Amino acid sequence: MKRIILILAIIFSVKSYSQDPAFTQSFMVPESINPSFSGFYETTKAGLLYKNQQWSGFDFNLNSQYLYFDDWYPDLNSGVGISLMNHQETFTNYSLKQLNLSWAYKVQINYEWDFRPSVTFGFATKDFGFDNLLFEDQINIFQNIINSNTFDPIVLGENARYVDIGASFLFNNDNHWIGITLRHLNRPNVSMVSQGDIPLDIFISVHASLELPILQYNSDSSVYFITNFMKQAKYDRFDLGFQYVFDRFSFALTATTNPIQTENESHLVTSINPIIGMAWEGFKFGYSYDFNLSKIGGDGGISEFSITYDFLNNKDCFGCPEY
């Protein structure tokens, strides 16, 4: 019973992230954090991010998958992308699935800088498995039995479906990009009860990749400062670190922090995350592992895999935003 209570407390204490999974490799697959990257390289691209978080001490884990495809339409000076987010929790069978359609428009500010606004329309469904819970109307004290069925309104309405609207902005030149993403601008109702009204909090992310003028031995080597600040309701996450790119290989080290601490027991630095990547024949592969530094026991670490493919096969390097 204590284990169930602890797991439920973890789920609801991080409810923002149950709605918006955060990926460590968002800078390697930037479409996952900013839809303005749709058609960014003016090619056809597709990719996948897979995240697995193990809670070995509780026989409990979280899985998140992000799949996308985008293309460039020169006659419209626009990129169009479609993506699918799938998020699952194994203990209660909670799941979130969201399909998004994004449109990004390219505006040339001057010779060096471009501006790319985008809008996103999505449809989401959220389900919660209540098989592990016991409700009052299942208990028959007179016959000393437990009924298998319940008429509790929460169980009867154990899923929610809603339309989601977002907007993103991206500034970039040949060496840097800076972006802002806003999700859930229409504050959709995510209550699982028919009479309930729980508006989903707006998610905001501010992110950047900035090339630094150091360790540039040749045109194939670069160092980038990478950062991503995310906030939803009172919960926040701030990733920052450095990425070193040499030819077709990428090495990065980031830290996940909690700068706006809501509790006295909150940790400032929650994990350290090494990331490696390789580019080959239009493919880009990435792997990262988040080493937990918090005092929450049972966390077996977070593994994350990424793969992207450029159908025109003209981007074999990492970090280079020029197109």
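Is it the case that region 73-84 has a residue that's of a type in the set (S, T, N, Q), modelled with pLDDT of 85 or more, within 30 Å of Leu210 (Cα to Cα) and not in a strand (DSSP E or B)?
yes
Is there any pair with a first residue in region 217-238 that is more than 14 Å from Gln25 (Cα to Cα) and a second that is in a strand (DSSP E or B) and at pLDDT below 90 whose Cβ atoms are under 6 Å apart and which are 6 or more apart or on different chains, and what are they?
Ser221/Phe246
Could you check region 174-190 and list, in sequence order, the residues that are crowded, with 16+ Cβ neighbours inside 10 Å and either charged (D, E, K, R) or assigned to a loop (DSSP other than H, G, I, E, B) (or both)?
Scanning region 174-190 gives Asn175, Arg183, His184, Pro188, Val190.
Under the condition of being among the hydrophobic types (A, V, I, L, M, F, W, C) and surrounded by 18 or more Cβ atoms within 10 Å (Cβ to Cβ), which residue from region 269-316 is modelled with the highest pLDDT?
Among residues in region 269-316 that are among the hydrophobic types (A, V, I, L, M, F, W, C) and surrounded by 18 or more Cβ atoms within 10 Å (Cβ to Cβ), the one modelled with the highest pLDDT is Ile275.
Is it the case that region 124-145 has a residue that's within 22 Å of Gly81 (Cβ to Cβ), modelled with pLDDT of 65 or more and surrounded by 14 or more Cβ atoms within 10 Å (Cβ to Cβ)?
Within region 124-145 (the criterion being within 22 Å of Gly81 (Cβ to Cβ), modelled with pLDDT of 65 or more and surrounded by 14 or more Cβ atoms within 10 Å (Cβ to Cβ)), the answer is yes, since at least one residue qualifies.
For the condition more than 23 Å from Val29 (Cα to Cα), surrounded by 11 or more Cβ atoms within 10 Å (Cβ to Cβ) and at pLDDT 90 or above, what is the one hit in Tyr105, Tyr162?
Tyr162
Can you say whether Asp201 is in a loop (DSSP other than H, G, I, E, B), surrounded by 14 or more Cβ atoms within 10 Å (Cβ to Cβ) and in contact (Cβ under 8 Å) with a residue 24 or more places away in the chain, as far as the supplied structure shows?
yes
Taking Asn61 as the residue in question, decide whether it is surrounded by 21 or more Cβ atoms within 10 Å (Cβ to Cβ), at pLDDT 60 or above and at negative phi.
Taking the combined requirement at face value, the residue does not satisfy it.
Please go through region 71-108 and pick out each residue that is in contact (Cβ under 8 Å) with a residue 12 or more places away in the chain, among the hydrophobic types (A, V, I, L, M, F, W, C) and more than 21 Å from Ala46 (Cα to Cα).
Once the filter is applied, which keeps residues that are in contact (Cβ under 8 Å) with a residue 12 or more places away in the chain, among the hydrophobic types (A, V, I, L, M, F, W, C) and more than 21 Å from Ala46 (Cα to Cα), region 71-108 yields Phe91, Leu96.
The values are calculated or read from the model by the stated rules, or taken from the named source; none is laboratory data. Model, not experiment: these values are computed from the prediction. Note that each Cβ is placed from the backbone with ideal geometry, even for glycine, and that neighbours are counted across all protein chains shown.
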